[in-house]
1. So how many Lys-Lys pairs in segment 31-146 land under 19 Å Cα to Cα, not counting same-chain pairs under 8 apart?
2. Pop the C-beta distance of VAL130 and THR32 into the FRET formula with R0 = 30 Å and round what comes out to the nearest 0.05.
3. Could you work out how much longer the chain between ALA60 and ARG141 gets when fully extended? Use 0.36 nm per residue separation minus the Cα distance between them, nm to one decimal.
4. Can you give me the distance in nm between label points at LEU86 and ALA108, each placed 7 Å from the Cα along the Cα-to-Cβ direction?
5. Please list 3J(HN,Hα) in residue order for segment 82-96, calculated via the Karplus relation 6.51 cos²θ - 1.76 cosθ + 1.60 where θ = phi - 60°; whole Hz, with x for glycine and proline.
6. Taking the mean number of other Cβ atoms within 10 Å as a proxy for protection, how do you rank 41-50, 127-136 from highest to lowest?
7. With r defined as the distance between the Cβ atoms of ASP52 and LYS101 and R0 fixed at 25 Å, what FRET efficiency is calculated, to the nearest 0.05?
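Throughout, read-outs are computed from the coordinates displayed, never taken from laboratory work. Worth saying up front: this structure is predicted, and the values here are computed from it rather than measured. Positions of Cβ are backbone-derived with ideal geometry, glycine not excepted, and every protein chain shown enters the neighbour counts.
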Amino acid sequence: MVLFVSGALVAGAAAIAIVLAFGSGEPAAAPTRAQYFARIAAICRIYGPKLDAITPPDIAEPANVIDAISRALPLVKAQTRAVRALTPPTQLRAKLDQWFKLNDERIAKLEEALRAGRVPDLRHLSVAYVQFVTMGPETARLGSAIGMPHPPC
């Protein structure tokens, strides 16, 4: 009897450990808006100070633009991946898809500017960087309407 009870306890403990380690197989419940934005704010607290430490470059100084993009781009991409990895509230998914699309377009402009700067194709660098900058208000406006902390996420 003791052996049976112990075996049942061990089996129960193993089942609990598996569920804790791998999940129950059930889809996770979507967080509330407040929980979701709290998680985004936590991500922003990690990346925000690092991005703030990069001085926005003067477009008239291509070397500074290239340096700033080189340092900012990996941070922006990591921050976006972290936010994208969160499960959003169901009611925000369509608007978040729009926001991620705009954000991805801005990131693509930074990548384009960096590639042009490395060639160097300074005209293309300048155009792509200015496009990145001018896309910012639209992305921020949509993010703000959704409830995103700003800047940049």
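1. Values: LYS50/LYS77; LYS77/LYS101; LYS77/LYS109; LYS101/LYS109.
Within segment 31-146, the lysine pair count is 4.
2. Values: r = 39 Å, r/R0 = 1.29.
Here the calculated transfer efficiency is 0.20.
3. Numbers: separation 81, 0.36 × 81 = 29.16 nm, distance 2.75 nm.
Extra length available between ALA60 and ARG141 comes to 26.4 nm.
4. 2.5
5. 5, 5, 4, 6, 6, 7, x, x, 3, 5, 9, 4, 5, 5, 5
6. Working: 41-50: 14.5, 127-136: 16.5.
Result, highest mean first: 127-136, 41-50.
7. Details: r = 25 Å, r/R0 = 1.01.
So, using R0 = 25 Å, E works out to roughly 0.50.
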